[in-house]
Ligand code: FAD
């Protein structure tokens, strides 16, 4: 692993930082967009322990940084979800006499200096935060370390986002894995050899003494925080209502969703409901969602997956807590990531999340618009605004693609198999640059996560680590029949087609499409397939 990568450089900066600072008057935990919870939060737990040891108050700081959100194409929905969670957390922290102090800051390049001057104004000599693995964030934190060091403040960065932090699961030669299967095998053996280290729950923070509220420096922090709104990131009224009902904020809501996944059976999709995935009739499946996951996870016409991604991306629920819940369910001391059980398969999906975080850390070029496979950098893409708009709006005339795009446009979330289908369709059938799709997803998704989104897009575009081989193009119609055998998924999101029954729903004839006011396909799959194969085989050529 190269030493000049941002994560090793930040670790080095932390290692050489001031070791025994003079005792300050407070300890600060800097909460970030990806760790929005109080329980089982490592940096918060360590900050709290330090504050108790030093006998000083703990302050939680959150910096609202609109330019950071723009830089990562964060959706309004994700920002709104962040703010809703912060409001809830503020109330919980209040009960512990811990101020949640929010500040808004631009420009992003001066953020490290702003944070350090805030620490100085709190006479704080110890700062705790969980790592963020995005390139800009690692650079920002390195600068924070540098400034902190100059002023005798000790920064402490903690791994919390992944089950096994980046850099631990490596090949025998100490290199990062670029293929998932060997990564996953190594991941599970390291995990099971060190269950307490990776899975143990971090203790909850202890309360500050009540006197903090009367303190002239810290007392005002309870009330002087900036209001939790972000200029330019407000949701429309209708979208807000939908997001509130689909994705309620808070760790308890996330735990309820996890419990639904662990203990209840999946349901059929419900046409016309506010939450089409949750309210449908129970079908004949006898097993709980997680136990049936291995067989049914690719079904878009049933509510088969956990739908925890918004909560995991924002850190509203601890990923360690999710693994512990599977261990409790099985009554074992070991983590099961076997291929043949629903539980094992689900844990493997959580490992994908770790895998893509590793890729982001050790190959940061992927987040700079570069393909992982450099040889694919010259693929010739089409420039076609009409096709891009049709894809975005769900008007391609290919029902499964349109249903999926309308799902993300309305729900801010899309089923995994559908993400693969629409991504493959954009890059291979429309031959449009995958970066356009990656960006649009980030703008729409409530679970938008740079590492997983980039990983998913580069997989689909056959440009990433361990990608889909370019010659194994998805046929959207066969994919549709597999992922939506009842047709309910299409009927739910494409109401023009709701009268259709049987296989016709996957590929209606021109006559039927015209009659129902549904567009004809904007490309013919068989013809454009050849174009994709040609261009992928010889990047740079027509
Ligand atoms: P479940 O099937 O219940 O899985 C549990 C959890 O495992 C998920 O919540 C997620 O945290 C993780 N996970 C599952 N599959 C993957 C995967 N392939 N890669 C990484 N983590 C995974 N996931 C995001 O969280 N944010 C994104 O921005 C995102 N963009 C994607 C873009 C594309 C093109 C593709 C193909 C996939 C993308 N994914 C993304 C991964 C995956 O589609 C979602 O995590 C999943 O659909 C979320 O639904 P769920 O919570 O019900 O998943």
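The values are calculated or read from the model by the stated rules, or taken from the named source; none is laboratory data. What you see is a predicted model; the values in this text were computed from it and never measured. Here the Cβ is made from the backbone with ideal geometry for all residues, glycine too, and neighbour counts use every protein chain on show.
Go through (1) under 25 Å from residue 446 (Cβ atoms); (2) in contact (Cβ under 8 Å) with a residue 24 or more places away in the chain one by one and return the number of the condition residue 91 breaks.
(2)
Which of the residues belonging to the stretch 41-76 are under 18 Å from the mean Cα position of the chain (by Cα) and farther than 29 Å from residue 410 by Cα?
41
Read through the list (1) under 28 Å from residue 159 (Cα atoms); (2) out of contact with any helix residue (DSSP H, G or I) (no Cβ under 8 Å at 6 or more places or on another chain); (3) not in a helix (DSSP H, G or I), then give the number of the only condition that residue 192 fails.
It fails just one condition, (3).
I need a count of the residues in the stretch 418-441 that are more than 8 Å from the ligand (Cβ to nearest atom), out of contact with any strand residue (DSSP E or B) (no Cβ under 6 Å at 6 or more places or on another chain) and in a helix (DSSP H, G or I).
Residues in the stretch 418-441 being more than 8 Å from the ligand (Cβ to nearest atom), out of contact with any strand residue (DSSP E or B) (no Cβ under 6 Å at 6 or more places or on another chain) and in a helix (DSSP H, G or I): 12 in total.
Within the set of pairs 6 or more residues apart or between chains, which connect a residue that is modelled with pLDDT of 95 or more inside the stretch 452-463 to a residue that is crowded, with 24+ Cβ neighbours inside 10 Å and in a loop (DSSP other than H, G, I, E, B) with Cβ atoms less than 6 Å apart?
What qualifies is 458/464.
What helices (runs of 4 or more DSSP H) lie completely within the stretch 474-519 and have 3 or more residues being more than 18 Å from residue 303 (Cβ to Cβ) and free of Cβ contacts under 8 Å to residues at least 40 places away in the same chain?
On the way: elements: 476-483, 488-493, 510-516.
Ranges flagged: 510-516.
Restricting the search to the stretch 1-37, which residues are surrounded by fewer than 22 Cβ atoms within 10 Å (Cβ to Cβ), touching a strand residue (DSSP E or B) at 6+ places or on another chain (Cβ under 6 Å) and at pLDDT 90 or above?
24 - this is the single residue of the stretch 1-37 that is surrounded by fewer than 22 Cβ atoms within 10 Å (Cβ to Cβ), touching a strand residue (DSSP E or B) at 6+ places or on another chain (Cβ under 6 Å) and at pLDDT 90 or above.
Output the residues belonging to the stretch 200-221 that are in contact (Cβ under 8 Å) with a residue 12 or more places away in the chain, surrounded by fewer than 18 Cβ atoms within 10 Å (Cβ to Cβ) and part of a helix (DSSP H, G or I).
Answer for the stretch 200-221, where residues must be in contact (Cβ under 8 Å) with a residue 12 or more places away in the chain, surrounded by fewer than 18 Cβ atoms within 10 Å (Cβ to Cβ) and part of a helix (DSSP H, G or I): 210, 213.
Considering only the stretch 298-328, state which residues are part of a loop (DSSP other than H, G, I, E, B) and either more than 8 Å from the ligand (Cβ to nearest atom) or free of Cβ contacts under 8 Å to residues at least 40 places away in the same chain (or both).
Hits for the stretch 298-328 are 298, 299, 300, 301, 303, 304, 314, 315, 316, 317, 318.
Being touching a residue at least 60 places away in the same chain (Cβ under 8 Å), in contact with a helix residue (DSSP H, G or I) (Cβ under 8 Å, 6 or more places away or on another chain), buried (at least 18 other Cβ atoms within 10 Å of the Cβ) and within 29 Å of residue 368 (Cα to Cα) narrows it down to one of 40, 73, so name that one.
73
Considering 348, 333, which residue is within 12 Å of the ligand (Cβ to nearest atom) and either crowded, with 20+ Cβ neighbours inside 10 Å or in contact (Cβ under 8 Å) with a residue 12 or more places away in the chain (or both)?
348
Can you give me the number of residues within the stretch 132-167 that are free of Cβ contacts under 8 Å to residues at least 60 places away in the same chain, assigned to a loop (DSSP other than H, G, I, E, B) and surrounded by fewer than 17 Cβ atoms within 10 Å (Cβ to Cβ)?
1
So, in the stretch 351-372, how many residues would count as being surrounded by 18 or more Cβ atoms within 10 Å (Cβ to Cβ) and assigned to a loop (DSSP other than H, G, I, E, B)?
Here the count works out to 2.
Taking residue 85 as the residue in question, decide whether it is closer than 27 Å to residue 166 by Cα and surrounded by fewer than 23 Cβ atoms within 10 Å (Cβ to Cβ).
Values: closer than 27 Å to residue 166 by Cα: yes; surrounded by fewer than 23 Cβ atoms within 10 Å (Cβ to Cβ): no.
So residue 85 does not fit the description; no.
Only one of 460, 452 is within 12 Å of the ligand (Cβ to nearest atom) and surrounded by fewer than 24 Cβ atoms within 10 Å (Cβ to Cβ). Can you tell me which?
Result of the check over 460, 452: 452.
Search the stretch 385-417 for residues being under 14 Å from residue 479 (Cβ atoms) and in a helix (DSSP H, G or I), and hand back the single one that is nearest to the ligand (Cβ to nearest atom).
So, considering only residues that are under 14 Å from residue 479 (Cβ atoms) and in a helix (DSSP H, G or I), the one nearest to the ligand (Cβ to nearest atom) is 416.
Residue 314 - would you say it is closer than 30 Å to residue 90 by Cβ and either more than 20 Å from the chain's Cα centre (by Cα) or modelled with pLDDT of 95 or more (or both)?
Here the answer is yes, as residue 314 does meet what is asked.
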